[in-house]
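Take a look at the structure below.
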Amino acid sequence: MMASRRRLSELATLTFMIPALILLAIFVLGPALWAVYISFTNQSLLGANARSLTFVGFDNYAKLLRDGEFWNSLKVSFIFVFGSALIGQFLLGMLLAVLLRRKGFIGKGLVAGSVLLAWIIPEIVAAYAWVSFLNTDFGTLNRLFEALNLPPQRWLTDHALLSVIIANIWRGSAFSMLLFASSIETIPQEVYDAAEVDGASGWTKFRFITVPMIRYAILLDFLLITLFTFGVFTLVFALTSGGPLFRSELISIFVYRNAFRFTDLGYGSAASVMMLLINLVIAAIYLRMLRVKV
């Protein structure tokens with residue numbers, strides 16, 4: 001009887017999942033498989049190859065591996081992910097989560113609301129806000145520099161990669177903050193009280209209680225923010241378009257430039273497949289770490 005009820009429950013769950021699985025297949029799996037197929041052809045957006053494509057095998061991938069601009073975009077992407085996600089968003093998110101737990105912290109609602117607002121506003125709106133903030137001639141930051149008798153900077157030209165890293169930290173830290181805050185709330189207060197009785201400092205409690213007890217949330221955060229950040233496009237494209245001289249060109253912008261600006265869909269698809277494979281490798285590493293008991 002119990003086994004029959006369990007099967008009915010599983011069947012009901014599967015039935016309710018079918019619409020979502022169909023949408024996932026149509027809008028995620030289908031386009032991904034189509035991109036893999038196109039990557040083995042010479043299809044383009046314009047010209048003769050737009051209609052009558054030809055199978056070229058691994059030619060696009062061989063060309064990609066010889067392309068210095070592709071390797072540059074990979075290098076820039078890894079720097080962007082490391083600086084923006086693994087350092088910036090993680091550290092700022094953790095700091096905010098710890099501060100929001102403190103009883104005497106003033107302005108919790110204002111801080112949390114400001115961070116969440118940066119996350120929920122449309123990405124293009126956030127990009128134009130940063131353009132206004134970093135503009136060389138009329139930007140708010142250079143106005144502050146002038147007030148302090150400091151020379152104005154060409155932020156989006158001379159410091160393009162640093163600028164987009166900071167902008168993405170500002171935008172994406174809310175996710176880490178929410179994940180860590182919810183994980184910290186699951187830690188019993190009695191554990192901290194016992195540590196205080198033993199004379200533990202705030203740093204000691206954070207190091208030996210908070211971090212070990214939310215270690216899986218930390219790994220999950222690393223996984224998700226790495227994948228999210230690796231696929232960032234709109235924010236960076238609106239700020240710098242990958243320039244100047246490809247110094248802030250992420251692999252997502254490289255894919256866009258080759259597929260749509262140069263109309264070489266086959267080559268752009270090959271780059272997107274490489275991007276997908278890198279994401280799968282990163283995900284596999286993190287998931288492996290999640291399964292290991294630490």
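Read the figures in this text as sums done on the coordinates, not as results from a lab. These numbers come from a predicted model, not from an experiment. Reconstructed Cβ throughout: ideal geometry from the backbone, glycine too, with neighbour counts over all protein chains shown.
Against the globular-protein guess of 2.2 N^0.38 Å, express the Cα radius of gyration of segment 1-145 as a ratio, rounded to two decimals.
1.71
Assuming a ≥ b ≥ c are the square roots of the Cα gyration tensor eigenvalues, decide whether segment 135-294 counts as rounded (a/c under 1.5), prolate (otherwise, with a/b larger than b/c) or oblate.
Details: a/c = 3.88, a/b = 1.41, b/c = 2.75.
Cα axes put segment 135-294 in the oblate bin.
Which order do the peptides 10-23, 85-98 take when ranked by the mean count of other beta-carbon atoms within 10 Å per residue, highest first? Can you show the working numbers first?
On the way: 10-23: 9.7, 85-98: 20.1.
Going by the mean number of other Cβ atoms within 10 Å, highest first, we get 85-98, 10-23.
With θ set to phi - 60°, apply the Karplus curve 6.51 cos²θ - 1.76 cosθ + 1.60 along segment 45-53 and write out the HN-Hα couplings as whole Hz, x wherever there is a Gly or Pro.
Computed from phi, the couplings for segment 45-53 are 6, 10, x, 5, 6, 5, 9, 10, 7 Hz.
Specify the inter-centroid distance of segment 18-90 and segment 156-202, based on alpha-carbon positions, in whole Å.
Answer, in whole Å: 33.
Does segment 68-175 come out rounded, prolate or oblate by the C-alpha gyration tensor, with a ≥ b ≥ c the root eigenvalues, rounded set by a/c under 1.5 and, if not, prolate when a/b is larger than b/c and oblate if not?
On the way: a/c = 2.03, a/b = 1.24, b/c = 1.63.
Taking the square roots of the gyration eigenvalues as a ≥ b ≥ c, segment 68-175 is oblate.
If Rh is defined by the Kirkwood formula over all Cα pairs and Rg also comes from Cα, what ratio Rg/Rh do you get for segment 225-294? Can you show the working numbers first?
Values: Rg = 14.6 Å, Rh = 13.3 Å.
On the Cα set of segment 225-294, Rg over Rh gives 1.10.
Using θ = phi - 60° and the Karplus form 6.51 cos²θ - 1.76 cosθ + 1.60, what ³J(HN,Hα) does each residue of segment 6-11 get, whole Hz, x for Gly and Pro?
So the J values, rounded to whole Hz, are 5, 5, 5, 5, 5, 5.
Going by amide H atoms built from the backbone, whose H comes under 5 Å of the H on residue 41, apart from near neighbours?
Amide H neighbours of residue 41: 56.
Can you give me the pair-distance distribution of the chain, C-alpha pairs, 5 Å bins, whole percents?
Each 5 Å bin holds this share of Cα pairs: 1, 5, 9, 11, 12, 13, 13, 11, 9, 7, 4, 2, 1, 1, 0, 0, 0.
Quick one: divide the alpha-carbon radius of gyration of segment 52-127 by 2.2 N^0.38 Å and tell me what you get. Provide the component values of the computation, followed by the final result.
On the way: Rg = 21.1 Å, N = 76, 2.2 N^0.38 = 11.4 Å.
Dividing the Cα radius of gyration by 2.2 N^0.38 Å gives 1.85.
What ³J(HN,Hα) values, in whole Hz, does the Karplus curve 6.51 cos²θ - 1.76 cosθ + 1.60 give for segment 30-39 when θ = phi - 60°, with x put for Gly and Pro?
x, x, 5, 5, 5, 5, 4, 5, 4, 5
With the dipole of segment 58-291 worked out from charges on the C-beta (+1 for Lys and Arg, -1 for Asp and Glu) around the Cα centre, which of 236, 91, 204 lies farthest toward the positive end?
204
Rounded to the nearest 500, what is the 222 nm mean residue ellipticity of the chain from helices alone, with -39500 (n - 2.57) per DSSP H run of 4+ residues and division by all residues?
Details: 16 runs with 196 residues, N = 294.
After summing the helix terms and dividing by residue count, I get -21000 deg cm²/dmol.
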